[in-house]
Structures are given as C-alpha cells and as structure tokens.
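Peer 1: Can you read through this structure? Questions will come right after.
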Amino acid sequence: MKIILMLGLILCAVVHAGSDIGPYINVLESQGEDPLQFTLKKLDTFDLLIFDDALHNAAEPFAFYRALISDQAFYTKAKYVFVEAFSIDQQRDIDQYLTTLPEDTLLLLPVFQNDYSGTGWNAQTYLDLLRMIYRINRELPAADRLEVVAVSNPFYWEAIRSPEDLEIARKSLTGRDYFMYRIIADRLDHFRSGRRGIFLTNTRHAYKGIKDHEGHFYWNTGTFFHQWHPGKTYSIRFHNVNLYIAAAVPDDSLVYKTTAGMEKMRYSWVRMDNGNWDRAFRAHGNKPLAVPLADNPFGKTPYIGNHMLDVSDGQTMHDAYDAVIFLAPIEVLHKTATFDFIYTPGFRRELERRYRILYTPEQIESELTGHGVQSLPELFDRLFVSQPKEIHSLSRSIAPLE
C-alpha cells in the first residue's frame with residue numbers, strides 16, 4: 001500500500017512539473033469550488049445566472065438544477081426559473097399545474113406536446129424539475145413561491161397546415177434570442193427591482209460575446225444581457241462534449257429540415273482543447289468543480305461552437321462563458337430518461353397530421369422501412385415510448401483520452 005501511495009505521489013509531481021496540463025491542474029486546485037456553493041455565492045452578486053446544459057437531453061445538469069433549487073439558500077435569494085424549452089403560449093398551463101391541488105401532471109400535456117419539433121418534448125428531466133418545484137412551493141408562503149417562466153416564441157401547431165406554413169413559422173424564430181431576452185428582462189424589471197433568477201438554456205443562447213470575422217457580435221440571448229446590462233448576469237457552461245463544425249453543407253431538398261438547422265453543416269462532437277480539460281479533471285480526481293474562466297488556461301482555450309465557421313480571430317471560451325462546471329467525466333454522462341404519458345390517442349392522431357407536414361412522403365417511407373413497420377401508428381409505437389436513463393451516445397462516440 002505504501003509503495004502504491006508513493007507511486008501516486010510521484011505521478012502527481014510529474015504531472016505538475018512537466019505535463020501540458022500542469023497549469024490547468026493548478027487552476028483547479030487554486031480556483032476550483034464546489035459547484036453548488038459556487039453557484040449560490042454568484043447569486044449574491046448577479047441577478048441572473050445563465051446555464052448552458054451543453055445538450056438539451058443531458059441528465060446531469062438537471063440533477064444539479066434540482067439540488068440547487070431545493071437548497072433553501074436558493075429560494076431565499078431567487079424567485080424565477082426561466083426555461084428556454086417552454087413557449088410562452090404554454091405559460092398558463094405551467095401556472096395552472098403549479099397552483100392546482102392535488103398535483104395533476106396531465107395539466108402539462110400542452111406544454112410537452114407543442115414543442116418546436118412537433119413530435120413532443122418527453123424528457124424526464126424537465127418533468128422532474130417541474131415536479132420538484134411544485135413540492136417546494138407547497139411548503140412556501142404564496143408570496144415566496146418560485147415561478148417557472150416560459151420564454152420561447154409561441155409556436156401554434158394548430159395554425160400550421162402545410163410545409164409552407166411550417167417554413168413561415170420557423171422563419172418567425174429569427175429574432176428568438178432577442179425575444180427571450182425581452183421576456184426575461186421584463187420579468188426582472190430590467191434589473192431595477194433586485195429580483196433574481198436562473199435561465200436554463202443551451203449553447204448558443206448562453207454566449208456572452210462571440211464575434212464574427214468582421215468583429216460584430218452574434219447577438220445571442222446571453223450577449224444582449226452581457227453587453228446591455230454589464231455586471232448583472234453570469235454565464236456558466238456544463239462540461240460535456242463540444243460541437244465542432246467543419247464546414248457548411250449545400251442545401252439538399254431531400255434532407256429533413258430541422259428548426260435548429262443542423263442539416264446545413266458538417267459537424268462532429270469533440271473534447272475541449274484536444275482533451276486537456278478532461279485530462280486535468282481526471283488528474284484532479286474527477287471531483288465535481290466549478291471553475292471561473294477569467295485569466296486562466298481554461299478561459300484562454302480557443303473558442304469552438306455554433307459560430308466557429310465565421311468567428312473573429314482570437315476568440316476564446318472566456319468570450320463565450322464566465323465559468324464551467326464539471327460534474328463527471330464525459331464517458332459516464334447520461335442521456336435523460338423519457339416518458340410516454342403525453343402520447344394520448346388524441347395526440348397520436350395529431351402526430352400523424354404533423355408528420356405529413358414535417359416530412360415528405362419519401363422521407364416518411366424511408367423511416368417506416370428503416371424501422372421495419374408499415375404505418376405511422378406502428379412507427380409511433382417504436383419511437384415514442386418510455387426509456388430509462390442511459391449513458392449518452394455522444395459520450396461513447398468521441399475518441400478516448402489516450
């Protein structure tokens with residue numbers, strides 16, 4: 001045992017003395033903090049914490065959100081939980097769920113059925129978050145209860161009757177980042193009232209100030225806040241795989257068009273800084289840590305992400321975020337479980353209608369063939385079912401560290 005311990009100490013000394021990750025480890029040791037305590041302290045200084053979950057279906061960030069929100073120190077400081085995934089036309093349904101006794105999750109059917117994809121948002125993480133806030137609110141005086149605020153543009157599926165209608169609806173999302181900024185800023189009284197909250201979002205909406213090759217900002221939601229209300233917001237990235245865009249892809253009419261536009265690019269998922277971040281976290285024992293990005297090797301890492309095809313020279317990860325939270329090694333990060341209670345008989349009939357708007361007949365036939373079924377109802381039986389939490393497929397797709 002003494003020999004093993006001695007070898008470990010020697011290895012640690014070698015890493016600090018000669019490895020490229022030595023400076024990173026020094027940052028973890030000198031600046032790393034418990035993620036929960038780090039976040040709660042930031043709420044003393046900043047009115048709005050902006051969280052980038054890295055992947056909307058990532059499970060670990062939501063476990064962290066639940067731990068954060070259930071801490072009494074949180075709900076004595078903050079009142080609002082702003083959620084990108086929910087559209088403002090579903091606010092009434094969210095409010096009704098949170099205030100109805102006894103609890104009735106069926107009130108959330110419209111919230112999860114009418115997402116941008118059109119096929120339903122069935123992530124267990126989001127339902128678990130709402131249910132936990134429901135339980136917390138039951139123990140609080142009415143004036144102190146947490147509010148869940150939907151911030152995305154309305155998307156009225158009942159008004160979408162053709163692929164042309166769908167294209168127009170998607171074009172209406174062009175100003176989505178400013179829309180979300182205004183919804184949040186208005187609820188916070190443009191930082192005049194001292195109200196506080198957290199914004200749960202995804203990568204490109206959380207950026208502070210990434211610029212294009214001409215030096216102009218990409219005006220993401222986080223950018224509006226950072227540039228127009230300096231010192232009021234703080235942007236935090238959860239460590240995970242990162243989007244690497246290699247090139248733009250010519251438009252192909254045969255390829256399914258998504259709201260996010262991912263079909264327009266050739267991309268892959270990679271480790272940050274060629275794996276140096278992961279190596280540093282591993283050498284430090286893979287302990288959960290929050291790390292600020294100002295003036296250190298983590299923050300000086302060259303930027304990669306949604307805007308990298310047209311990014312200004314010298315942009316770094318600190319231009320995008322204020323801090324990073326490491327919860328666990330990428331290899332063991334999970335994809336959320338899913339639920340199926342939203343797929344009622346009525347919604348399944350609506351899904352058939354939406355499918356014929358979302359996909360061409362050729363694309364539908366290809367999907368049926370690929371799943372070995374003859375009809376859309378049979379396809380839905382395959383696709384829209386409850387699934388347990390599992391190791392994320394992207395976690396398995398990246399190259400090993402060594």
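Peer 1: May I ask you to sort 303, 321 by Cβ crowding, counting other Cβ atoms within 10 Å and putting the fewest first?
Peer 2: 303, 321
Peer 1: What helices does the chain hold that run 18 Å or longer along their axis, going by alpha-carbon atoms, with a Kyte-Doolittle average of 0.5 or more, using DSSP H for the helix calls?
Peer 2: Correct list, ordered by number: 2-18.
Peer 1: Next question. Please compute the contact order of the chain in relative form: average sequence separation of alpha-carbon pairs under 8 Å and at least six residues apart, divided by the residue count, as a percent.
Peer 2: In percent, rounded to a whole number, it is 23.
Peer 1: Continuing with this model, one more query. Give, rounded to the nearest 20 debye, the magnitude of the charge dipole that region 121-189 has about its Cα centre when Lys and Arg contribute +1 at Cβ and Asp and Glu contribute -1 at Cβ.
Peer 2: In debye, rounded to 20, region 121-189 gives about 120.
Peer 1: Label residue 268 and residue 344 with points 7 Å out from Cα along Cα→Cβ: what is the distance between them in nm?
Peer 2: 4.6
Peer 1: Charges at C-beta only: +1 for Lys and Arg, -1 for Asp and Glu. How large is the resulting dipole of the chain about its Cα centre, in Debye rounded to 20?
Peer 2: Value, rounded to 20: 720 debye.
Peer 1: Mean projection of the alpha-carbon convex hull of the chain over all orientations, in nm²?
Peer 2: 22.6
Peer 1: Can you tell me the FRET efficiency between residue 100 and residue 353 if r is taken as the Cβ-Cβ distance and R0 is 30 Å, rounded to the nearest 0.05?
Peer 2: With R0 = 30 Å, the Cβ-Cβ based efficiency is 0.55.
Peer 1: Right, another one. Provide the net charge surrounding residue 242, with neighbours chosen by a C-beta distance below 14 Å and charges set as Lys +1, Arg +1, Asp -1, Glu -1.
Peer 2: With Lys, Arg at +1 and Asp, Glu at -1, the neighbours total -1.
Every read-out reported here was derived from the displayed coordinates using simple, explicitly stated rules and does not represent laboratory data. Predicted, not measured: the structure shown is a model, and the values here were computed from it. Counting neighbours? That spans all protein chains shown, and the Cβs are built from the backbone with ideal geometry, glycine included.
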